[in-house]
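Below: the structure, in structure tokens.
The values are calculated or read from the model by the stated rules, or taken from the named source; none is laboratory data. Being a predicted model, the structure only gives us computed values, none of them experimental. Methodologically, a virtual Cβ is constructed for each residue, glycine included, from the backbone with ideal geometry; neighbour enumeration extends over all protein chains shown. Surface accessibility is based on the protein's heavy atoms, side chains included, excluding ligands, DNA and RNA. Shrake-Rupley method; radii C 1.70, N 1.55, O 1.52, S 1.80 Å.
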Amino acid sequence: MHLVVCAKQIPDPETPPSAFKIDTVANAVVPVPGISPVLSPFDAQAAEAALRIKEKVGESKVTVISLGKESAQAAIKQVLAMGADEGVLLNDDAFEGGDSYTTAHALAAAIKKLGDVDAVICGRQAADWDMGQVGLGIAEELGWPGAIVAKDVQAADGALLVQRVLLDGFETVRMPLPAVITVSNELGDPRYPKLQQIMQAAKKTVTTWTAADLGLDAASVGKAGSRLRLERLAQPEAGGAVQIIEGDTPEAQAQALAQALRDARII
Amino acid sequence: MLTARGSDQRSDIRPVQSRARLLGAWWGPALGLSALGLITSVEAERTATREIFFNVAQPWAVYVFTASLVGLLIYGFGRHATLWAIGQPTPNLRDEVSQRLRNAVRLGLAQEKIGRDRYAAVMHWCIFSSIVVLTFVTAQVAIDDDFSLHFLRGPYYLFFSFYGDLFGLVGLVGVGMALYRRYIDNLHRIHWDERLEDHLIIWGLGLILLTGFAVESLRITVDELVQHPDWARWSFVSFGVAHFLALFEFEEPQLLSAHVWMWWGHLVLAMGWLGLIVFTKLDHMFFAPINAFLLRTDSPGRLTKIENIEEREVFGVGQIQDFTWKQLFELDACVSCGRCTAVCPANIAGQPLSPMHLIQDLKLHLADVGPAIQHAGHEGHDVRAVSPLAMVGEVIKDETLWACRTCGACVQECPVLIEHVPTIVDMRRYLVMDEARVPATAQAALENLEQRGHPWRGATLTRTSWMEGLGEVPIFDGSQEYLYWVGCAGSLVERNLPVTQSVFRLLREAGASFGVLGQEETCSGDPARRLGNEYLYQILAGQLVETFKAKNVQRVITNCPHCFNTFKNEYPQFGGRFEVLHHTEFLAKSLQQGDLKPQYPIAEQVTYHDSCYLGRMNGVYEAPRQIIEFLPGAKVTEMQRSMSRGLCCGAGGGNMWLEEVGARRVNHVRAEEAMQTGAQSVISNCPFCIQMFEDGIPAVQPQEEGRMRVFDVAELLDRAVFGTDGAGRGSQSS
């Protein structure tokens, strides 16, 4: 089975709030000096899901694809260290400034170019913009079935059994192959790579494809192909206030607290 | 709950010259008595002697026994040696030979560590000295006879009789103390791994001494008592017994027959007992001094560096043959005394680690699979395929390895100089680097170190947050004398910010020339190394050494004892040699020089908690205590476990980032101990200790009113120098 994992390198979601800055003129996030970008945590879980399938099904291959700048090599290497076999970086100035649609478009083109892919696994959303569109976008582009927000993915006779997280439980769907799945954090912690694997991954070469390599028209990708227009980027103002709950007895205090929480529509 | 005995708190921190006093206390009285005997015996009869092999018809049997014993010892130790030989080369053994020889004498022969339990010290000295002297006595008899030297005559014979009896008696006192401890006092730790050999050894020794006296007494009753009572008097114990026997007026043949039986009984017991050396913990009489010679000569705070890590196939120790032969050797030195386990914080809290059982389990595993591994190696087969059990995981459980705080209490106590901590960390290295089997919380910390250069997942502060409100904070540019190293905990964990700010204000007040790195600080790598990720540690340490060199750092003051330890003891492994001070060392000096003037009272009952990496690992016990003495009005009550016996807060060895498994949490135990002193505040010197106390105190003192508080020494000194209302501590730049 040939599995493709889509991985995105994002600004560190653990950037301390006080250091997180927005350039309101350019409508862009200002990179924080000294804080390196990281692999989107949901994508690490996508890799974990793919590797679990690979372990169960013999003769499998996992390819990791990332669309990004040269620095995204680090995210690819991380997935390679976890146990993926090959890495592809889609790096082209033409890809800059794109939206979910152009990203899905480019990734789908790369998957087509790979050829023999049985399944694509993505994180449920990238932890920077939290759009959650690319996974299904790829499915749409490729004309494959898609299932989102999975907590478990198992291979079963030429299909994938996918447990999808619902608000009130989960459902299991049987996905004929090829298919696109997005996984959620309910899948569990991604594995910690063995040092031997880290060293092997460091030696692997990552293939780089440009828009031309994928046969994509520059107008269909990046800012040019983008259908989303960013109006304004703003930083939410964080603030806090303290309300002391009064009451003569602990019971009365608890009651007052419960009432206050209810009034605030928290419970 | 297991609690340690022997609370003679400061006895273990002896100045150097008192080692001589220690030795004097052991041998002085015995030598004095002997000398007295020697002087008086010179005045005595010059013809005094006795017949060797008196009343014994087949003396040659002694030589048969001796030959078999020697053969057995050679065979037994040879077998041990083949097992040690499956281990890896032991580095640095040829360095510091004079230090090693000193260790062999001081820790091996003079048994300095045994003194940490005074009862055991007296007991062991009695038994040890009696065996040494009586072996010497027996050897003289043999030499006298074999070489027809006949020096056992005249005054020397009388003196010989005297000290023979004296040390026989000393031995019996020792055996008596041992029997009391094992069967009446029931000391817990010696029963944790009790075996048949423990009973055999002590009863056997007692019987040997008793039969020895019986043989001598019977001979004297028959012979000397009648002919030379003035000679017989020198064998003062047997002389008394002989007098007692004489009361019964036995016939001479009866006495002679009893003598023969006793003689043979004594011989068989003695030879049999010596034979036990090969099969039991008695082998420590050779292994302990040798292990003292093999003991590391550098700091206990330093873990071994894996050289050429990128070229290795196995990074940690996953199988028994991955240990160095020294690590295998020391398994055999263990006598199961339980001292390590009695002081282990994990064990005290009922968590799944007992250093003694860990060593014993490894020893057993070595005996189990060692011969097959040795054979496979010899035949050129794959040695890694031999063991049916996974050493890491099955013989030693993962949870056991993670429970270790690397606090070094076990190493500190071990009378036979076993180094448990490096052995445990070697196995952790296997878990982390070879198997990638890491508890989720520790994995998060390690990943955070890799990605963000600090172990604090979810930190919301930045490395410069602590600077707010302090005025101008000098950035280190190579022109200042000291680099003030704040550390990840000191800048990213909210509770520790006031400590950093206090140290900063005090350094400024003391007029120190210093700067900080601010945003450029990264983790020293210590958590990675303690958690077993040596590769990550080497990357972090290597980078930081380069940064320090590039910035021309010569002297460093650290907030955190863990950074302190790794800078001081481990960075030289990467070519980084800097003068490193913990803030308490610097502040104590400033106070002594009068650069800081505490004037506001801290009228509090306090207790002081030694962090392991400042105290036990680096011997800084006094500086923080000196600072506390400078605090006007503060009264210190020491905890029962303090200084080198101090108990870990629970966070060491990466346990800051591990979930605790077991009956209790170590920090609850320690908070309770601090509480028992009646202190209003517990004072420490380490950001981890402080966090552990912050969590632990409310658990053992649920009532908020009057609850004990925890401070860094610097916080209290800050209050004493600047006052509680912060007068004069604002943002002026001195």
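Residue by residue along B:309-318, Cβ atoms of other protein chains within 10 Å of the local Cβ number 2 on average. In this simple spin-label approximation, A:ALA28 and A:LEU228 carry label points 7 Å from Cα along the Cα→Cβ vector, and these lie 1.7 nm apart. Using the average count of surrounding beta-carbon atoms within 10 Å as a protection proxy, the listed peptides B:149-155, A:83-89 rank, highest first, as A:83-89, B:149-155.
Among the listed pairs B:LYS281/B:LYS305; A:LYS8/A:LYS112; B:LYS113/B:LYS363; B:LYS549/B:LYS597; A:LYS54/B:LYS397; B:LYS568/B:LYS589, a Cα-Cα separation exceeding 26 Å is found for B:LYS281/B:LYS305; B:LYS549/B:LYS597; A:LYS54/B:LYS397. With R₀ fixed at 45 Å, the C-beta to C-beta distance from B:ARG195 to A:LEU177 puts the FRET efficiency at about 0.15.
Here the 3J(HN,Hα) profile of segment B:631-643, calculated from phi with Karplus coefficients 6.51, -1.76 and 1.60 at θ = phi - 60°, is 6, x, x, 6, 10, 9, 10, 6, 6, 4, 9, 8, 6 Hz, Gly and Pro shown as x.
Taking a straight Cα-Cα cut-off under 17 Å and skipping sequence neighbours fewer than 8 places away in the same chain, the aspartates and glutamates within cross-link reach of B:LYS326 are B:ASP95, B:GLU96, B:ASP283, B:ASP298, B:ASP361, B:GLU419, B:ASP426.
Here the extension length gained between B:ASN308 and B:GLN640 equals 115.1 nm, from 0.36 nm per residue of separation less the Cα-Cα distance. For B:ASP368, the accessible area of its heavy atoms, probed at 1.4 Å with every protein chain present, is near 110 square angstrom. The mean number of partner chain beta-carbon atoms within 10 angstrom of a residue's beta-carbon across peptide B:533-541 is 1. The aspartates and glutamates within cross-link reach of A:LYS203, meaning a Cα-to-Cα straight distance under 16 Å and a gap of 8 or more places when in the same chain, are A:ASP85, A:GLU86, B:GLU310, B:GLU311, B:GLU313.
Accessible surface area normalised per residue over chain B is 41 Å², counting heavy atoms of protein chains with a 1.4 Å rolling probe. Between A:ASN185 and A:GLU59, the FRET efficiency estimated from the beta carbon spacing at R0 = 30 angstrom works out to 0.55. Each residue of segment B:193-198 was assigned a 3J(HN,Hα) from its phi angle through the Karplus curve 6.51 cos²θ - 1.76 cosθ + 1.60 (θ = phi - 60°); the sequence is 9, 6, 9, 3, 4, 4 Hz, with glycine and proline shown as x. Near B:LEU596, the amide H atoms lying under 5 Å from its own belong to B:LEU591; only residues 5 or more places off or on other chains count, and H is placed 1.01 Å from N. By definition, a body whose alpha carbon gyration tensor gives a ≥ b ≥ c is rounded when a/c is under 1.5, and segment A:87-205 falls into this rounded group. Could you sort out which of A:LYS56/A:LYS151; A:LYS69/A:LYS204; A:LYS61/A:LYS223; A:LYS21/B:LYS551; A:LYS61/A:LYS194 sit more than 24 Å apart by Cα distance in this structure? From the list (A:LYS56/A:LYS151; A:LYS69/A:LYS204; A:LYS61/A:LYS223; A:LYS21/B:LYS551; A:LYS61/A:LYS194), the Cα-Cα distance tops 24 Å for A:LYS61/A:LYS223; A:LYS21/B:LYS551.
Length gained on full extension, B:GLU622 to B:LYS549, computed as 0.36 nm times the residue gap minus the Cα-Cα distance: 23.2 nm.
Other protein chain C-beta atoms within 10 Å of residue C-beta, averaged over B:449-455: 3. Put simply, when B:613-619, B:79-85, B:259-265 are sorted by average Cβ atoms within 10 angstrom per residue, most first, you get B:613-619, B:259-265, B:79-85. For the protein assembly as shown, a/c is not less than 1.5, where a ≥ b ≥ c are the root eigenvalues of the C-alpha gyration tensor, and a/b tops b/c. That puts it in the prolate class. Considering only C-alpha atoms, what is the centroid distance from segment B:246-270 to segment B:568-624, in Å? Between the Cα centres of segment B:246-270 and segment B:568-624 lies a distance of 67 Å. Counting only protein heavy atoms and a probe of 1.4 Å, the accessible surface of segment B:365-426 is 53% carbon and sulfur. Accessible surface buried by the B/A pair amounts to about 1700 Å², both sides summed, 1.4 Å probe.
Taking amide H positions as modeled 1.01 Å from N, with prolines and chain starts lacking one, the residues under 5 Å from B:VAL580 and 5 or more places away or on another chain are B:VAL556. The modelled label-to-label distance for the pair A:ASP157/A:GLU70, using points 7 Å beyond Cα in the direction of Cβ, is 5.1 nm. Per-residue packing, averaged as other Cβ atoms within 10 Å, sorts the ranges B:704-716, B:282-294 into the order B:282-294, B:704-716, beginning with the highest. Once you order the gyration tensor axes a ≥ b ≥ c over the Cα atoms, which shape class does segment A:2-225 get: rounded for a/c under 1.5, otherwise prolate or oblate by comparing a/b with b/c? The shape class here is rounded. Paramagnetic label reach from B:PHE77 (point 7 Å along Cα→Cβ; backbone nitrogen cut-off under 14 Å): within segment B:279-301, residues B:279, B:282-291. Once you've got the GNM for chain A with C-alpha springs shorter than 10 Å, pick whichever of A:ALA254, A:ALA126, A:ALA234 has the biggest mean-square fluctuation. Sorting by GNM fluctuation, first place goes to A:ALA254.
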